[in-house]
């Protein structure tokens with residue numbers, strides 16, 4: 001009886017705090033994306049040859065962790081199959097945040113573009129048993145600073 | 001919409017680069033497939049159910065990629081890369097990303 | 001060559017489904033699945049367990065629990081009362097009932113595998129007369145006759161199988177309780193049958209059922225004195241005390257039985273026997 005109550009309390013806490021944190025994060029992300037829209041991130045491998053730029057490797061990474069509510073929903077999904085919707089927003093946020101951090105670093109260096117942007121996702125601890133799981137997303141690319149006159 | 005993992009399309013010129021677009025999909029198998037897979041662990045062979053699951057996931061991710069590209073006004077996505085990662089027990093995330101471009 | 005980053009609209013990589021709605025649908029579906037499968041597997045396990053012959057059950061009985069703190073006179077009295085009750089109960093051939101008595105203060109009595117019944121001093125010493133004791137013996141003997149102990153074990157195993165198969169994921173353990181509550185429903189059914197059959201046996205033995213409900217009155221009083229609240233019926237392995245008393249009243253009315261009559265008193269030395277068994281229990285505990 002008591003473990004049911006504890007479980008419900010944790011679930012409620014996870015939901016409440018998790019949803020609040022997520023909405024706040026999304027607002028911040030959208031605001032910063034608007035701010036950095038002048039600094040394009042391109043996945044192409046061939047930067048413009050003329051004019052010349054100097055290059056720096058830049059990275060941005062984020063580690064997000066799963067809250068209790070999302071983990072429970074995902075476990076239920078494992079019974080029935082289908083899209084794990086709580087994780088979709090989690091990973092979306094992590095990726096966009098990593099890209100923004102990379103852009104922030106590039107902007108700090110005075111870059112005008114970031115090229116050859118790639119992503120890496122790694123699961124830090126899968127959350128076996130009752131431990132919390134966390135996921136790291138890394139975005140990296142080459143910041144092009146310039147242009148320099150020949 | 002042209003979706004390609006080539007960098008340059010021979011005979012077509014890129015007019016404008018519109019940045020990174022991505023599509024992702026996180027799916028779980030259901031418990032029936034799980035039990036069958038455990039049996040396959042004993043007998044061996046291709047896990048057809050999982051293959052199907054990941055294929056569906058990839059198609060969904062590609063669909064979302066295309067949706068994003070259309071939303072920014074591109075007519076092609078170049079330099080497409082796939083990435084599969086395990087994000088939790090029993091769930092795999094598939095995402096696809098590439099550069100949205102306007103080809104002439 | 002132009003390089004731009006136009007804004008990408010929200011909601012493409014994220015499904016718009018509200019988490020709470022999803023939780024309700026999924027959790028509801030999961031609970032339904034578990035309750036239905038637990039019921040099925042429980043029934044199956046019970047049926048399978050019943051196939052085990054009674055003679056073999058004895059080997060599985062928990063020997064360490066079946067203590068004997070009764071002095072020779074108490075044991076003889078219990079055995080003769082037990083024989084008189086068993087004679088009214090239609091036990092099948094080959095089914096033997098063995099009565100054990102523990103001098104411990106626990107307020108309980110139960111039937112376990114192999115026809116073994118354990119009575120605790122904590123409950124028996126509170127009974128006011130022989131009719132209540134006969135009702136208790138008849139109730140436990142009905143469990144033996146119905147093979148409830150082994151069937152209960154089989155059902156428990158069946159439900160464990162379901163819970164393990166479906167809910168291997170530790171985050172979902174909390175749903176396992178749904179399987180257990182399904183099992184408790186079976187247990188209440190068994191108790192109701194035992195009460196009804198015991199009442200019939202007591203009626204055959206004494207010609208009336210006066211005093212039978214005193215067993216439940218004693219249990220109810222003990223619970224009140226202990227201050228423990230009764231769990232709601234759904235969480236308990238027994239029907240509520242009130243329900244059991246009501247069932248007796250209904251049966252008496254339906255069958256036209258006499259519920260008044262002289263109750264047979266317990267032997268005069270009964271309380272001395274109780275104290276003797278308490279001393280034996282102490283000695284046993286010390287020597288362990």
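Computed from the coordinates by the stated procedures, all read-outs in this text should not be read as laboratory data. It should be emphasised that the depicted structure is a prediction, and the values quoted were computed from it without experimental measurement. Cβ placement follows ideal geometry from the backbone for every residue including glycine, while neighbour counts extend to all protein chains displayed.
Inter-label distance, residue C:146 to residue A:34: 7.0 nm, where each label sits 7 Å from its Cα along the C-beta direction. Once the Cα atoms are used to define both axes, helix B:48-72 deviates from the longest principal axis of chain B by about 20 degrees. A Förster distance of 56 Å, applied to the separation of the beta-carbon atoms of residue A:108 and residue B:55, puts the FRET efficiency at 0.85.
Counting Cβ atoms of other protein chains within 10 Å of each residue's Cβ and taking the mean over peptide A:85-95 gives 6. Taken residue by residue and averaged, Cβ atoms of other chains lying within 10 Å of the Cβ of B:70-82 number 2. For chain C, the longest principal axis of the Cα atoms and the long axis of helix C:72-87 meet at an angle of about 70 degrees. Dividing the alpha-carbon radius of gyration of the protein assembly as shown by the rule-of-thumb value 2.2 N^0.38 Å gives 1.49. Note on C:9-18: average number of Cβ atoms from other chains within 10 Å of each residue's Cβ is 6.
The antiparallel fraction among DSSP beta bridges confined to chain A stands at about 95%.
Here region C:54-287 carries DSSP beta bridges of which approximately 45% are antiparallel, counting only pairs with both residues inside.
The packing ranking, built from the mean of other Cβ atoms within 10 Å per residue, places the peptides C:204-211, A:42-49, A:113-120, C:261-268 in the order A:113-120, C:204-211, A:42-49, C:261-268, highest first. To the nearest ten degrees, helix B:31-43 and the longest principal axis of the Cα atoms of chain B are 70 degrees apart. Taking a point 7 Å from the Cα of residue C:93 along the Cα-to-Cβ direction, the residues of region C:116-145 with backbone N closer than 19 Å to it are C:145.
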